[in-house]
Amino acid sequence: MEWNKEYLDLILVPSGLLIMFGYHLFLLYRYLTNYKSTSIGYENHTKKAWVKGMLQIDAENRGPAFTVISSTVSAATFMASTALALTSLIGAWMGGTSSDSLVTRIIYGDTRTSMASIKYISILFFFLIAFASFIQCSRCYVHANFLLSIPKAQDPEDLIAEALVHGSNFWHVGLRAIYFAVTLLLWVFGPIPMFVSSVSTVMILHTLDVNKKPFHDFHGPTEKMLKKVREEIRAAPRANIQLGRSQGSESEPLQQQQ
């Protein structure tokens, strides 16, 4: 059987995608089973602590919290706009690329028009996933902004933390989709750059996704002290009631003797 350079795409491209998808499935499993060992779990822990700290401030004094959320919404909107612009650019590139271009002459791999269409459609698919993920990230942070601005009401801490965590997860999904799109973009220049990019990306992401720092207890001593004060405040009326009852029971025999 004679070797053909088109076979290289059938070997390296599925192998690179399998490495990328396999690593992210492993990361998802590790996050669900032991989230403390991942940087994503550490970031979500700090966001929950941030919510708890912000809720100790009155609603009219939460300007820094609104500034942080607005900055994050702006960043997510910028990333969504960038992903959409790149999608349009790839679409225009797809429509104007011919089989006689310089790129198709220098790459070692499948240079057929049908394979080029598959490359561009795959890149468009991941850029659209990134766009949708960043839009959902903005939606979650805007919802958290509304919940934080509730005046003179019991703030729903669990709902705010849940909205921020969901927004953070959508942000990470959008970034991972861009990583996939960039890796597939190198496929345009051949299956060898795409495979090398897949392996390099997984190695770099594995270094960044591992968390070896212990979770910091942001509100440990303060929270315990506040809890003790609340318990003492709640116990004070009960002690007064019991003291009044005991004094009343002692005065009843005196009245009977009189």
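The values are calculated or read from the model by the stated rules, or taken from the named source; none is laboratory data. Since the model is a prediction, treat every value here as computed from it, not as a measurement. Glycine gets a Cβ as well: all are built from the backbone with ideal geometry, and neighbour counts include every protein chain shown.
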Based on what the data block shows, is A130 buried (at least 18 other Cβ atoms within 10 Å of the Cβ), at pLDDT below 85 and farther than 30 Å from R62 by Cα?
-> no
For region 31-49, what are the residues that are without any contact (Cβ under 8 Å) to a residue 12 or more places away in the chain and among the hydrophobic types (A, V, I, L, M, F, W, C)?
-> L32
State all residues of region 63-87 that are surrounded by fewer than 18 Cβ atoms within 10 Å (Cβ to Cβ) and touching a residue at least 24 places away in the same chain (Cβ under 8 Å); if no residue qualifies, say none.
-> F66, S70, T77, L84
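One line per residue, one yes/no per condition, for (1) in a helix (DSSP H, G or I); (2) within 28 Å of A177 (Cα to Cα); (3) not assigned by TED's automatic domain parsing to the domain that holds E157:
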site	(1), (2), (3)
G53	yes, no, no
Q56	no, no, no
P64	yes, no, no
V73	yes, yes, no
T77	yes, yes, no
A80	yes, yes, no
L86	yes, yes, no
I90	yes, yes, no
Kindly indicate the residue of region 29-63 that is closer than 19 Å to C140 by Cα and among the β-branched types (V, I, T) and also farthest from the chain's Cα centre (by Cα) among those meeting that condition.
-> V51
Residue count, region 20-45 (criterion: out of contact with any Phe, Trp or Tyr (no Cβ under 8 Å at 6 or more places or on another chain) and either within 16 Å of R176 (Cβ to Cβ) or assigned to a helix (DSSP H, G or I) (or both)) = 17
Limited to region 153-209, what total is found for residues that are under 23 Å from W93 (Cα atoms) and without any contact (Cβ under 8 Å) to a residue 12 or more places away in the chain?
-> 2
Going by the structure shown, is Y141 at pLDDT 90 or above, surrounded by 18 or more Cβ atoms within 10 Å (Cβ to Cβ) and either under 25 Å from the mean Cα position of the chain (by Cα) or assigned by TED's automatic domain parsing to the domain that holds N169 (or both)?
-> yes
Test I57 against the criterion of being closer than 21 Å to S122 by Cα, at pLDDT below 90 and hydrophobic (A, V, I, L, M, F, W, C), and give yes or no.
-> no
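Listed here are the residues, each with its yes/no results for (1) in the same structural domain as L86 (by TED's automatic domain parsing); (2) in a loop (DSSP other than H, G, I, E, B); (3) more than 18 Å from T38 (Cα to Cα).
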site	(1), (2), (3)
L175	yes, no, no
Y179	yes, no, yes
V188	yes, no, yes
P193	yes, no, yes
T201	yes, no, no
I204	yes, no, no
K212	yes, yes, no
How many residues are within 25 Å of E60 (Cβ to Cβ) and under 14 Å from the mean Cα position of the chain (by Cα) when one looks only at region 145-183?
-> 5
Give the residue that is modelled with the lowest pLDDT, with candidates limited to residues of region 148-167 that are surrounded by fewer than 18 Cβ atoms within 10 Å (Cβ to Cβ) and assigned to a helix (DSSP H, G or I).
-> E157
